[in-house]
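Remarks on the structure that follows.
The values are calculated or read from the model by the stated rules, or taken from the named source; none is laboratory data. This is a predicted model, so every value here is computed, not measured. All Cβ positions, glycine included, derive from the backbone under ideal geometry; neighbour counts span all protein chains shown. Each accessible area value is taken on the protein alone, full model and side chains, heavy atoms only, with ligands, DNA and RNA left out. Shrake-Rupley method; radii C 1.70, N 1.55, O 1.52, S 1.80 Å.
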Amino acid sequence: MINDKLPKIWYGGDYNPEQWEADTWAEDDRMFKLAGIDVATINVFSWALNQPSEDVYHFEWLDETIERLHANGVGVCLATSTGAHPAWMAKKYPEVLRVDYNGRKRKFGGRHNSCPSSPVYRHYSRLIAGELARRYKDHPALLIWHVSNEYGGYCYCDLCEAQFRVWLQKRYGTLDKLNKAWNTRFWGHTFYDWDEIVAPNALSEEWNGNRTNFQGISLDYRRFQSDALLECYRIEYEEIKKYTPDVPVTTNLMGFYPELNYFEWAKYMDVVSWDNYPALDTPPSFTAMTHDLMRGLKHGQPFMLMEQTPSQQNWQAYNALKRPGVMRLWSYQAVARGADTVMFFQLRRSIGACEKYHGAVIEHVGHEHTRVFRECAELGRELQQLGDKLLDSRVAAKVAIVYDWENRWATELTSGPTVALKYVDEAHKYYDALYKLGIPADMIGVETDLSGYDIVIAPVLYMVKTGYAAKIEAFVEAGGTFVTTFFSGIVNENDLVTLGGYPGELRKVLGIWAEEIDALFPGTVNQVVMKGERGALNGTYECGLLCDLIHSEGAEVLAEYGDDFYKGMPALTVNRFGNGQAWYVATSPDERFMKDFLSNLCAEKGIEPLVKAPAGVEATLRVKGEKSYLFLLNHNPEASAVDLGGRSGTDLLSGQAAQGNVAVPGRGVMIIETV
Ligand code: GLA
Ligand code: ZN
């Protein structure tokens, strides 16, 4: 359990006392108490302060900070400070500086700017992690380690290029295998020496950040960079574990952040934590999907909400304030989906540099008489009142949506058939429909066990990795319902087409063959015309983006295209396979289709919404032993009536009994405990 040492939903966030004079610290302590804050993430960007030169370390300020926090009942999420290297290091060892996508050698500046292959960076980050772990290993305030910060970005320097070649040698063994995997006879790219291989960026194979001449090398470079940064994390992890084997270690992730394969990363994290920064107009279902993805990284284990802003960001184009009640609502949305902490960036708003307009619990005015502080303190009180009740409870779902980072890279690096295909958006279409139906879904990876699910949906499963088709077949054979879509089963892990007809290895389970793929221009549509009724599915729907021109090879054709030269060809099929069914949605249909399609699938499997709720009300269930906690989150500004059906219990936030029809206040929350 995350919260062993402090058994309640942790409440706090990033705290940078080193940016302030000592006279503010007593005020911080006083206000943290007022706000019910019990965890501070410290030392995130203090490497330069901790290590002013190569052989000198200074931790006095940190000793004092940890002591002070501890004396005030605040636990510590201790960062290792390696998210930004000191200026002296960049000057003395320019190798720690990255080379960017356009081939420019960076100078000192910014953060998250260290080359992941640099032996100097690795050496000094290991050293400081060890110094910290040795120094604070027995400190009672230490709750969890926070390695670096928001790992990300790629480097294209000579060190990375050399390490890339080593990585490739490990993966392929011989150049012959590599040449085949990348299909290098295309455009005369045959490599005869490993040293001929260069990093793929704007100077070589790529343009616009995600277009490439050679998907093979570009995919591998992403894998390599994700691995290289992960190695940096692991170096610190292992150093820390030498001294504090029992203290959990995490690093803060960023949801659907495209550049790192988080399913791979999560294997080396004790706890997943992430930073949630939706804009005011981000659909709540998108945030919900992201929480579910973060929960899915460690197969349902609770996670930490490491950062969110109490009020506004500074780095979006238009940094709207969170409206009254929204910070609380979004905090509980995280908890409802598996978070066992609610933490902010940051506790005190900074005085200078680019985050001075970023929201904080303590605003520039410095006192507690602000709307934001009042809302934070109110939430702090509630979280204290909830105690340990919700901790370590689990969210259960019968439906899973497959999400795979490498598949995302491959679909977006591909040249053709359309620039409009966005993998995350297609996944969200399915998630959003389920969300609106009130049906919980898990977000899972391709390594996740499928046996607990009734329905597995893999939107745009373009890349089918070794063994995955067999896994799907076994799932369907055993009675599962599998859904995939257009542009699936096309390539293997190297982006080489599986010959013999699309959807390649999925052809057998789906009982279809796709002959051609049509890309529709923006604003152009076709129709999905049902041949009869199937549950809620009936009549004609619109579709667009891509249309696969498919033939049935045994699958039942439920709908056809309504237009163009492929009018009358199948647009929706279902294949009976063993005891289960495999569906193919040959195009990207409208929202109405998604709703009818998924409500039909869920009804066929006997999966029902948790409650009857109007649009804008989100319901989730966390379960712990005999107890379950029904969360009702009203994203509407006005009160909404929810029919609890047979469920009843006590709302933990108001203390009121809840049964039958309940009214959830505008932007309000209920957590109904049932036994
Ligand atoms: C990220 C970082 C923080 C801070 C916030 C601002 O999440 O981890 O250090 O910069 O963004 O939103
Ligand atoms: Zn590099």
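Brief remarks follow.
- Close contacts from the range 98-122, counting a first residue that is open to solvent by 80 Å² or more (accessible area, probe 1.4 Å) and a second that is more than 10 Å from ligand 2 (Cβ to nearest atom) and aromatic (Phe, Trp, Tyr), with Cβ to Cβ under 7 Å and a gap of 6+ residues or different chains, come to 111/45.
- Single residue of the range 156-170 satisfying the filter (open to solvent by less than 30 Å² (accessible area, probe 1.4 Å) and within 13 Å of ligand 2 (Cβ to nearest atom)) that is farthest from residue 105 (Cα to Cα): 164
- Of all the listed residues (101, 136), the sole one being away from ligand 2 (no atom under 15 Å from the Cβ), on the phi < 0 side of the Ramachandran plot and among the aromatic types (Phe, Trp, Tyr) is 136.
- A search for C-beta distances below 6 Å between a residue of the range 154-168 that is farther than 8 Å from residue 99 by Cα and any residue that is acidic (Asp, Glu), counting only pairs 6+ apart in sequence or on different chains, returns nothing.
- Failed item in (1) touching a residue at least 40 places away in the same chain (Cβ under 8 Å); (2) away from ligand 1 (no atom under 14 Å from the Cβ); (3) assigned to a loop (DSSP other than H, G, I, E, B), with residue 301 passing the rest: (1)
- Unique residue being more than 14 Å from residue 411 (Cβ to Cβ), among the charged types (D, E, K, R), in contact (Cβ under 8 Å) with a residue 60 or more places away in the chain and outside any loop (DSSP other than H, G, I, E, B) when the list is 505, 473, 516: 473
- Sole residue being more than 26 Å from residue 135 (Cβ to Cβ) and open to solvent by 10 Å² or more (accessible area, probe 1.4 Å), chosen from 223, 234: 223
- Criterion violated by residue 330 - all others in (1) open to solvent by 20 Å² or more (accessible area, probe 1.4 Å); (2) farther than 19 Å from residue 35 by Cα; (3) in contact (Cβ under 8 Å) with a residue 24 or more places away in the chain satisfied: (2)
- Restricted to the range 273-298, and to residues there that are free of Cβ contacts under 8 Å to residues at least 40 places away in the same chain and under 24 Å from residue 326 (Cα atoms), the residue that is nearest to ligand 1 (Cβ to nearest atom) is 277.
- Screening the candidates 151, 136, 121 for the property of being modelled with pLDDT of 95 or more, touching a helix residue (DSSP H, G or I) at 6+ places or on another chain (Cβ under 6 Å) and either under 21 Å from residue 6 (Cβ atoms) or within 16 Å of ligand 1 (Cβ to nearest atom) (or both) yields one hit, 151.
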